[in-house]
Amino acid sequence: MKLNATQNKIQTIFLYMMVGIAFGAIAITVALVINVGMTDVTKQIIVWLTAAAILGLFSTVYELDGFTHLTATLIHAPVTCIIALVCGWILNYGDGSFSLLLLRMLPSIVVIYVMIHLILFLFRRATLKTINNHLKK
């Protein structure tokens, strides 16, 4: 039981940290635009924050009834890739070449996506282990 309370505290702390980062990122971006103007850096921040918001909304595919985690991932992964590539195109990461954009961005997109899902998988596995241990008691 103590482990469960500790996990809840850690999850709550993590949630508050993420909310703080989200609001902080938006506030800092607005402050940068107001105080510095639109620079290449602020443009990149705005483009990637917008992409993060869209991906956050689209991640609700994991909450839909009737979709397995695999099905949701098979939908979510290409959408994530497309959104990231659109951002890269807007920010001219490919210097006007779509093939160069793919060459520069696709490896990073895949590695980051796999790392995030590996962390989420390990988190879910630990949660299921805790639940199963409580059910055995």
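Every number here is computed from the coordinates shown, using simple stated rules; none is lab data. No experiment lies behind these values; they were computed from the predicted model shown. With ideal geometry, Cβ positions are generated from the backbone for all residues, glycine too; neighbour counts draw on all protein chains shown.
Odds and ends about this structure:
- Its convex hull of Cα atoms gives the range 1-98 a direction-averaged projected area, equal to a quarter of the hull surface, of 9.0 nm².
- Separation of alpha-carbon centers, the range 5-63 and the range 87-121, rounded to whole Å: 19
- Positive-end ranking of 19, 93, 81 along the dipole of the chain, with charges on Cβ about the Cα centre, is headed by 19.
- Only helices enter the 222 nm calculation for the chain: every DSSP H run of n ≥ 4 contributes -39,500 (n - 2.57), and dividing by all residues gives -30000 deg cm²/dmol, rounded to 500.
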